[in-house]
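Below you'll find the structure, written out as structure tokens, and then a few comments.
The values are calculated or read from the model by the stated rules, or taken from the named source; none is laboratory data. None of the values given here were measured: they were computed from a predicted structure. Virtual Cβ from ideal backbone geometry, glycine too; neighbours counted across all protein chains shown.
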């Protein structure tokens, strides 16, 4: 980052140049404000550090001119004549920070790091907003919003790589993840990324088909094959020929139906009810479940041979709480999408509302976030950005207060060892016995917390 320092005191210039260069900034110093502004006009600037009172020039003029050169430029004032009204005026006119001389290097470093992080986040936010506006316009024009996957978390990048790996194969793919994480979107991405993209993509919701009708619905039947079969019917397998058959929530299939699916996967053939000759199946099968199939196998509720056949290519979709860095992108995308659908003049989400959205746990995952944003857009009555007032009340209520202790400790019984032990137990309890989450609550490293737990003879599951 380019930092311009403007001050009429040579000692201040030398000290700031030395200190800021050690912090990793590209520092230029000027004792003449006019020369500094001319340089900024030619080269641009990220951060300006300026004295307020200088001969023939004051810092407020530097602030005004720097902002005219780059509205995103941050200006930090330093002055030996600090007064409350001057500080208030500086901040009102757009200064980022205000220091009184003399100041310490650690304080300045902390201010510079805050400014650096804020600028990086601002740039990322502008880039994200521009990308999503373009994406939203493109999707609205295409009128096809079903095949959108968004996310830049490491887990989502790994899923994208897995999709590329399996897209052109004929192997069965198993997608696992909690309800609402976007398993169907992954299945659609596999289909549309591969050579079968021009052929059908059919979704079969396994729990919605009665067991006695599953074989007919899946494989079809000939006319007169059973009572009520007044005409021939082609099943899902025939309808998906050349394309992809997506079996959603396959963990809910009865064992008898699982046997039929196993033969379809193993032999690539199927037999319509009432016929005697098997037909070749040319439909790629992708399945999904929100259940732990290994547990169902142990409980004899899912066929072991089908389980091993389907887990050859497995993709795990993480819950939203494990990829929180994707919440801003998803929230903004849904806001732009629903605003366009409803004709609402909404162009984003303000900082306070986004902070509230990022603080939620989303047990319903991306589906819950989508529904929350849709509801907010429906009830929003103003233009511009969504604000906290537009969100449902539970989204801005904040975390619930912890329950009071069962009994207060008498002051004479307090010992640091016992207080520390109780603190760790409370943190583990609130974090669901997750050591990583508890360490974040306490502001400790994961390794340090584990060492203290060991010293105190505490286990994560003892909270």
*Looking only at segment 59-72, decide whether some residue is surrounded by fewer than 19 Cβ atoms within 10 Å (Cβ to Cβ) and touching a strand residue (DSSP E or B) at 6+ places or on another chain (Cβ under 6 Å).*
no
Taking segment 155-175 and keeping residues in contact (Cβ under 8 Å) with a residue 60 or more places away in the chain and under 17 Å from residue 322 (Cβ atoms) leaves 155, 156, 159, 162, 175
Within segment 306-333, the count of residues that are modelled with pLDDT of 90 or more, surrounded by 13 or more Cβ atoms within 10 Å (Cβ to Cβ), out of contact with any helix residue (DSSP H, G or I) (no Cβ under 6 Å at 6 or more places or on another chain) and over 22 Å from residue 154 (Cα atoms) comes to 0
Flagged in segment 301-320 as under 19 Å from residue 263 (Cα atoms) and not in a helix (DSSP H, G or I), in numbering order, are 301, 302, 303, 311, 312, 313
**Prompt:** Right, residue 51: within 17 Å of residue 17 (Cβ to Cβ), surrounded by fewer than 20 Cβ atoms within 10 Å (Cβ to Cβ) and in contact (Cβ under 8 Å) with a residue 24 or more places away in the chain or not?
**Reply:** no
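Find the residue count for segment 17-39, including only residues that are in contact (Cβ under 8 Å) with a residue 60 or more places away in the chain and either within 19 Å of residue 53 (Cα to Cα) or outside the structural domain of residue 113 (by TED's automatic domain parsing) (or both).
Here the count works out to 0.
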Going through (1) in contact with a strand residue (DSSP E or B) (Cβ under 8 Å, 6 or more places away or on another chain); (2) closer than 30 Å to residue 156 by Cα one by one, residue 278 fails only at (2)
### Message
Within segment 370-386, does at least one residue satisfy the condition of being within 30 Å of residue 239 (Cα to Cα), modelled with pLDDT of 90 or more and buried (at least 16 other Cβ atoms within 10 Å of the Cβ)?
### Response
no
Flagged in segment 73-115 as closer than 17 Å to residue 39 by Cα and within 31 Å of the chain's Cα centre (by Cα), in numbering order, are 73, 74
